[in-house]
Every structure is written in structure tokens, then in C-alpha cells.
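A.B. asks: Pasting a structure below so you can have a look.
The values are calculated or read from the model by the stated rules, or taken from the named source; none is laboratory data. Small disclaimer: the values here were computed from a predicted structure and weren't measured. Cβ coordinates were reconstructed from backbone atoms using ideal geometry, including for glycine residues, and neighbour counts include every protein chain displayed. Note: areas computed on protein heavy atoms with side chains; ligands, DNA, RNA excluded. Shrake-Rupley method; radii C 1.70, N 1.55, O 1.52, S 1.80 Å.
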Amino acid sequence: MKIFEYKEIWLRNASVMNDFMEIEHGFECLNAAYKNNKELVKKTLSNLFSDIPEKLENLFNLWLPHLRTETYIASVSEHGSQAVDSDEDMIGRLSMWRAYGGTTGVAVVMNNGPFLRPSDALGAFTSPVAYLSQKTFESEFLKMLSKIQSNSVELRKLGEEVIINCIFEAYRSAVLCTKHPGFHEEREWRVIFCPTYENSARLIPEFRTIDGIPQKIFKLPLKNVPAEGFFGAEIPELVERVIIGPTQFPYAIREAMIARLSECGLADARGKLVVSDIPLRN
């Protein structure tokens, strides 16, 4: 209701979210793959420019503390995938209701355009999460090295600085967007902002107390910036529908949601709110 009222979502620091250890999992996967193949990494990268291995390692070590403590995230779950039973499209996913639904939860089904269109309007980026063990991560890491080797001639044309920045971004994404395969059913996407790394004139810092913990958040306004390629983020076009429940009070919640979404300009709000009939006992 507050998302609809204030037309914003909050990005919270990873250190106070249940995702913090999953960022550590990403780092541990990268660290293990790097250490297990350190000589191959050095050989591959120094074949491009002799100083890249040392410069890249120093750059990553410099930024690692910031990735751990100055990363702000909003998490969503991919919905309506072809790989999923079509029933989920109307009733939601039982595991997500159990984990995040509470006793009066709703699932806001969003159109995915703002997540997929390339834009620098917010200074934040979106990414799907990769669910990898250390073994499967290392396999992907070796594929990356192999591709660097096979494209070395073309890569050298880009110059040393561009190559270092690109590989650093790959390392950073690996840390921030790799989770244990046991969470695979969540099919998570993340909206990620690192204020010490990226500037943003549109994400608004604020201090809030959440569950008794005073903390800094960043508010992401649900507002289009069409001149910079960011659109489809305002509620009437963002919200496809809302799934309510499982809850003891679905119809009271539905009427309140219909009123609030109608105020936001959502056409046919009544037709876009459905009640899940999953028999979940809280």
C-alpha cells in the first residue's frame, strides 16, 4: 500500500537484508575460482597487456569492502516463466508466499520493460541472479578465460583501461548476483545501487528504522525519465495485476487495493486484482 501511496520502492543495504550471506557466497565462488586458476588468469590477461593481472587484482581488492557494506538492493522474483507451471501465473508461488507473504501478503505482478531496457537514468542496474555452486561457478569462470584467449587480438584493440574495467564489472556482478543453487526456485532479479561506485541524482537517501534497526535506504521513485530511456515505471503501466493472499482477509485487502490503485490511475483496477486460493496455513 505504501509503494502505491508514495510511488516509490526502497533499496536496502545488503548487510541488513537476508541476502547478505548470499553476497558472501558470490565472493567465495569468485575467490575460489580465481585462486584455483591464478596462473591461468595471469597468463591469459598478461597476454593482452602485461600489467592487467596486478592492476585488476588491486582494483578489485580496493572496491571489495564497498561492495560488502555499500551495496543497496531491491529484490523481485521472475514471474510467468515458460518453465513454470502456468497455474502459478494466477495463484503465485507457494514457496514465496511462505517466505515473504506474511499473513496479509500480496504479490504485485509487474511489466518487465523497466528491468530490461538499457538506461543510465537511475545510476542503478538490474540483473538476474545466477544460482551456482563453487564448482559450476568455476566452470563458467574458465569459459570466460577461454573466450578472452580466443578473442585476444580484438580485445587488445580496445586498450588496457577498457579491458580492466570490463573484467572488473564481470567480477563485481559475480559477487553481487551469485547465490547458492538451493535458492533457485526464487528466480530472483536484483535492482542494485552502489553509491560509492555510481552517482545518482534520482535515488534519494534517507534514514529509516525498519524492524527496530535504524538504517540508510535509497528511495527509487516510480517515475519515467523517457529522455534517458527509462519508461514504463509509473504505476498505471508498471502494474499488470496484484495477487492477494493466502490470507484470512482477502476481500477486505482487495477492496482497499482497488481503491488505492484506482487513485493511482490504474485502469480496470478491480479486474486486475485476483485472490490466490493456495491453502497455506500461517
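A.B. asks: Per Stokes-Einstein, at 37 °C and 0.692 mPa s, what whole-number D in µm² s⁻¹ belongs to the stretch 160-257, with the Kirkwood radius over Cα pairs as the hydrodynamic radius? Don't skip to the end; give the middle numbers.
C.D. replies: On the way: Rh = 18.0 Å.
Using the Kirkwood radius from Cα pairs, D works out to 183 µm²/s.
A.B. asks: Can you give the accessible area of GLU78, probe radius 1.4 Å, in Å² rounded to 10?
C.D. replies: 70
A.B. asks: Once you have a ≥ b ≥ c as the square roots of the Cα gyration tensor eigenvalues for the stretch 149-214, tell me rounded if a/c is under 1.5, and otherwise prolate or oblate according to whether a/b is larger than b/c. Mind showing how you got there, number by number?
C.D. replies: Numbers: a/c = 3.87, a/b = 1.63, b/c = 2.37.
The shape class here is oblate.
A.B. asks: Same structure again: Build a GNM of the chain with springs between Cα atoms under 10 Å: which of VAL191, VAL242, VAL225 gets the top mean-square fluctuation?
C.D. replies: So, out of VAL191, VAL242, VAL225, the one fluctuating most is VAL225.
A.B. asks: While we're on this one: Measure nothing fancy, just the Cα-based angle from helix 160-176's long axis to the longest principal axis of the chain, in degrees from 0 to 90, nearest 10.
C.D. replies: Taking Cα atoms only, the helix is inclined about 40 degrees.
A.B. asks: Additional query: Please find, in a Gaussian network model of the chain (springs between Cα atoms separated by less than 10 Å), the residue of PHE183, PHE218, PHE249 whose mean-square fluctuation is greatest.
C.D. replies: The residue with the greatest mean-square fluctuation here is PHE249.
A.B. asks: For every helix of n ≥ 4 consecutive DSSP H residues, a contribution of -39,500 (n - 2.57) applies; sum these over the chain, divide by its total residues, and give [θ] at 222 nm rounded to the nearest 500 deg cm²/dmol.
C.D. replies: Details: 12 runs with 121 residues, N = 282.
Counting only the DSSP helices, I get -12500 deg cm²/dmol.
A.B. asks: Local charge sum around GLY265 (other residues, Cβ-Cβ under 10 Å, Lys/Arg +1, Asp/Glu -1)?
C.D. replies: Details: positive: none; negative: GLU234, GLU237, GLU263.
Summing Lys and Arg as +1 and Asp and Glu as -1 gives -3.
A.B. asks: Further question on the same structure: List, in the order given, every pair from LYS35/LYS157; LYS135/LYS157; LYS157/LYS219; LYS7/LYS135; LYS147/LYS219 whose Cα-Cα distance in the structure shown is over 30 Å. Write down the numbers at each step before the final one.
C.D. replies: Details: LYS35/LYS157 28 Å; LYS135/LYS157 33 Å; LYS157/LYS219 40 Å; LYS7/LYS135 42 Å; LYS147/LYS219 39 Å.
In this structure, LYS135/LYS157; LYS157/LYS219; LYS7/LYS135; LYS147/LYS219 exceed 30 Å between Cα atoms.
A.B. asks: Would you kindly state how much longer the chain becomes between ALA252 and THR196 on full extension, computed as 0.36 nm times their sequence separation minus their alpha carbon distance, in nm to one decimal? Mind showing how you got there, number by number?
C.D. replies: Working: separation 56, 0.36 × 56 = 20.16 nm, distance 4.34 nm.
Computed gain between ALA252 and THR196 is 15.8 nm.
A.B. asks: OK, next. With springs only between Cα atoms under 10 Å apart, run a GNM on the chain and tell me which of CYS264, CYS166, CYS194 wobbles the most.
C.D. replies: CYS166
A.B. asks: Right, here's the next one. Helix 52-69 against the longest principal axis of the chain: what's the angle in degrees, Cα atoms only, rounded to the nearest 10?
C.D. replies: The helix 52-69 is inclined about 30 degrees to the chain.
A.B. asks: Here is a further query. Put a dot 7 Å past each Cα toward the Cβ at LEU64 and GLU263; how far apart are the dots in nm?
C.D. replies: Each label point lies 7 Å from its Cα, and together they span 4.9 nm.
A.B. asks: Return the sequence-ordered ³J(HN,Hα) values of the stretch 117-125 in whole Hz as given by the Karplus equation 6.51 cos²θ - 1.76 cosθ + 1.60 applied to θ = phi - 60°, using x for Gly and Pro.
C.D. replies: So the J values, rounded to whole Hz, are 6, x, 6, 9, 4, 9, x, 10, 9.
A.B. asks: What is the pair-distance distribution P(r) of the stretch 37-135, computed from all Cα-Cα distances in 10 Å bins starting at 0, with each bin given as a whole percent?
C.D. replies: P(r) for the stretch 37-135, in whole percents per bin: 10, 25, 29, 20, 13, 3.
A.B. asks: Given the C-alpha atoms of the chain, compute the convex hull and give its volume per residue in Å³. Mind showing how you got there, number by number?
C.D. replies: Working: hull volume 42.7 nm³, N = 282.
Output value, Cα hull per residue: 152 Å³.
A.B. asks: If I model the stretch 196-240 as equal point scatterers sitting on the Cα atoms and use the Debye formula, what is log10 I(q)/I(0) at q = 0.13 Å⁻¹?
C.D. replies: Values returned for q = 0.13 Å⁻¹ are -0.44.
A.B. asks: Specify whether the C-alpha gyration tensor of the stretch 1-57 places it in the rounded, prolate or oblate class, a ≥ b ≥ c being the square roots of the eigenvalues: rounded for a/c under 1.5, otherwise prolate if a/b is larger than b/c and oblate if not. Please list the in-between numbers first.
C.D. replies: Values: a/c = 5.28, a/b = 2.60, b/c = 2.03.
It comes out prolate by the Cα gyration axes.
A.B. asks: Relative to the longest principal axis of the C-alpha atoms of the chain, give the angle of the C-alpha long axis of helix 20-36, reported between 0 and 90° and rounded to the nearest 10°.
C.D. replies: 20
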